[in-house]
């Protein structure tokens, strides 16, 4: 997964480790794959996955729209030359003054999942489009979504009805099947529920015109994942089963699926040690850990592929940990990772598939370590 | 726990939320308590708990020494006017070039827990003092230390022997009973093991002169914790039982115990919502969560006291969550927290005892939210 461009950059520039290197060509190619897999869908890039300005500029040029989580993300997208009508404020948890700021910046599309949020949007962004987020179970996702976002179908009906009465434009319904979702049929279950909500509102004369299928498209980590074309077929089949020819507009919001495989973290082995004379497994400590950008190793949820200069040399299991004095800064212990038996202090370890949810997760300076540096090639 | 100074600052300056406010008077008072509880011990402040320059300057003036985890922390301590001989590089995981940099800055004291680290220190910081960290079980700690740090007693003997042979000064043995340790007898068990290591080395003529008891001194969160005086008595009793009158020098490394109760985070209620028409519990979303500085709510390990302007009004259970689009950004759900029934959007919630391990844990910009601002009064 180390592209020629990333390899050449690391070879010639030799940046200090740890660092994240992103290859824009991979993002361009992946964006094209999404377009071909779901030609009917508008693509809103989930900026939170990786807000590097060069990525926003690339995607803006390719015609993408943008899903943002906060006012600073609105500003970052506008700074990339994007018109405000291509921005969707997808966070269902917004301060009234942040809605006002976004509205003042031209944003006219907001996510809601509760009556209270509709009141805020109606007051601070009058007449805007709103889309309501449904709760889904997230089964099949490596990084599931809990019950934090979305509401039950009957609440969604009521929230969209309230939006209409408040002078807002109840234009959409959204759901999210969970991040790194590897079961395409999850969309089928969610779409069925969504169709029920749309049907109920249509009977009252409220026509919801857009379905936002969220993200959840997986990046390829250690396990193989279905290809985007397979997802596209599955989703289109489910859409046709529910809506026949009366298809609503379709939006997808890929983040990880668009940029995850475009990035790689270069790290260095700081220490290799054994905890006891006859300890079961040796420890490898890298110069990056949970607080330096690998937060998604929490509970060992996401397992990144690791590469070294040793190629196919014999491997043995190691416990992998980060460099801070925090005891929870351990990456893989329950299920240790296999690394070359001959691995040495000072060797480099490439952590692949780390283009999403890494650089912005890094702590501002925990233990004094600076945040993860990003290079875009 | 809201001091007069913090109250007045919030009242008059009305900073944007979320923010952390630290009261230096509380740190000065707590430092004095540690000194009185363990008059024999030298106090090394664990800088990683909160590296705010004003805190370092205060503690430098009070005569503290400093336990650092990285070169930027060395630099921060030096910038506070501290002489390099009052700095201990306590991280057992160091790059060779970071040891070199620290050595060039005058640091002469380094932690080790493996043979490989001794080799690095011997090469990059010749002649320095080293102290070896023992593995302890961490039982009784709310935020235990796993097996990431420290080595078994027989390895410790060998590591200190190797240090001596490498021209280093094997001056100390350290252990850490786990952060937020609420069982004073944990020190008794660890000291017994440490005494065994010292005895074994003494038989070979290697005299270890210093015992570093680590941190682990608890801050007061929701549960009552033993007072520092009680800890002091317990530790002195354990020391006398092991060493009689041939007492080694004693070092303690409080971080959380010194600054945890000196700080308070002011946050704002962004949204209150119910997930279903008849959902069991409503959700309160604050403008700070796991990625904004409250990382230690992971697995609901640390339970911070919460205060509102409603005083003793009737409370009901809420699920408490942060403002990001990440589903794991939920603070308390398994054991929900009680907040006033009348709590409203826009109300402030004071999160107490948040002086340690908050501001530096904040992500650099996850979801576009800026890092937690610190004010020192």
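Laboratory data are not the source of any read-out in this text; all were calculated from the coordinates shown. Bear in mind that the values here come from a model prediction, so they are computed numbers and not experimental data. Neighbour counts run over all protein chains shown; Cβ positions are idealised from the backbone, glycine included.
Inter-chain neighbour count for B:354-363: the average number of beta-carbon atoms from partner chains within 10 Å of each residue's beta-carbon is 4.
Shielding value for B:154-164 is 1, the average number of Cβ atoms from other chains within 10 Å of each residue's Cβ. Most simply put, the range B:57-198 has about 10% antiparallel DSSP beta bridges, counting only bridges with both residues inside it.
With kT/(6 pi eta Rh) evaluated at 4 °C and eta = 1.567 mPa s, and Rh the Kirkwood radius from Cα pairs, the protein assembly as shown diffuses with a coefficient of 47 µm²/s according to Stokes-Einstein. Once both labels are positioned 7 Å from their Cα atoms along Cα-to-Cβ, the gap between residue A:79 and residue A:54 label points is 1.6 nm.
When you count the other C-beta atoms within 10 angstrom of each residue and take the mean per peptide, A:345-353, A:299-307 line up highest first as A:345-353, A:299-307.
By how many degrees, 0 to 90 and rounded to 10, does the Cα axis of helix B:53-62 deviate from the longest principal axis of chain B? Long axis of B:53-62 versus the principal axis of chain B: about 50 degrees. Secondary structure note: in chain A, about 40% of the DSSP beta bridges are antiparallel. When each of the peptides A:284-292, A:39-47 is scored by the mean number of other C-beta atoms lying within 10 Å of its residues, the order from highest to lowest reads A:284-292, A:39-47.
Taking every DSSP helix (H) stretch of at least 4 residues in chain A, weighting each as -39,500 (n - 2.57) and dividing the sum by the residue count yields a mean residue ellipticity at 222 nm of -9500 deg cm²/dmol. Ranked by how many other Cβ atoms sit within 10 Å of their own Cβ, fewest first, the residues B:120, B:94, A:5 fall in the order A:5, B:120, B:94. Remark: C-alpha extents of the range A:5-94 on the principal axes read 41, 32, 22 Å, sorted largest to smallest. When Rg and Dmax are taken over the Cα atoms of the range A:219-377, they come to 19.3, 69 Å. For chain A, the longest principal axis of the Cα atoms and the long axis of helix A:185-203 meet at an angle of about 20 degrees. Over the range B:291-377, one equal point on each Cα, no solvent: what is log10 I(q)/I(0) by the Debye formula at q = 0.13, 0.14, 0.20, 0.21 Å⁻¹? For the range B:291-377 at q = 0.13, 0.14, 0.20, 0.21 Å⁻¹, log10 I(q)/I(0) is -0.46, -0.54, -1.08, -1.17. What angle do you read, to the nearest 10 degrees and between 0 and 90, between the alpha-carbon axis of helix A:153-165 and the longest principal axis of chain A? For helix A:153-165, the angle is close to 60 degrees. Of the two radii for chain B, the radius of gyration is 1.01 times the Kirkwood radius, both from the alpha carbons; that is the Rg over Rh value. Each part gets one Cα centre, and for the range A:157-217 versus the range A:1-73 those centres are 27 Å apart.
Across peptide B:111-117, how many C-beta atoms of other chains are within 10 Å of each residue C-beta, on average?
Counting other chains' Cβ atoms within 10 Å and averaging over B:111-117 gives 4.
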